[in-house]
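The values are calculated or read from the model by the stated rules, or taken from the named source; none is laboratory data. Only a predicted model underlies this, so the values are computations on that prediction, with no experimental measurement involved. FYI the Cβ positions are ideal-geometry reconstructions off the backbone, even for glycines, and counts take in every protein chain you see. We work out accessible area using only protein heavy atoms, side chains counted, and drop any ligands, DNA or RNA first. Shrake-Rupley method; radii C 1.70, N 1.55, O 1.52, S 1.80 Å.
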Amino acid sequence: MKRQLIAFSLLGSLTACSALQQLGVPIHSGSGASSRPAQSAPPRASGKVDQLLAEANRLADKVKSGELTRTAAADQLGAARLRIAGGNPVDNDNFAVYRQLTVERDAGRIDSDAFRAKLEAHLREWMRRWPKYTPKPADPAFSNFLLKLYGLPPLGY
């Protein structure tokens, strides 16, 4: 658990050290880090989430090295999201909140803990709304990517 918290504090730099690291979520997937069993998801959906994770990690390295700001990395992640998974109302909303929080983090108006707390609260609200939300997008890959980073179950499973 402490290892995950340490990784979370790093993610806020795509959110300090890198693009996703100051979200406060692990950006490098690995086995054994989670205590809950893996969720079974359709291979395509999981593949898109994994592609987004790989892109986030690549961008996090660029933020860490100073090549990109967190906001620039968020913009590139947004472009990758559209290329990899396309847009839908749920992902578009979660990306808009993610980007706005990244702008606030870059400007020093919030710290990594506030960033993490606000984004997680927004994701949990979508988890609450999901069962009654219609029409549901077939594959909310970006939302599921963020949920995976926070150790939360994907939407629709």
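Listed values, structure above:
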{"item": "List T69, T134, ordered by accessible area with a 1.4 Å probe, largest first", "result": "T134, T69"}
{"item": "Sum of side-chain charges, Y150 neighbourhood, beta-carbon under 10 Å (Lys, Arg +1; Asp, Glu -1)", "result": "+2"}
{"item": "Accessible surface, 1.4 Å probe, highest first, among residues R128, R116", "result": "R128, R116"}
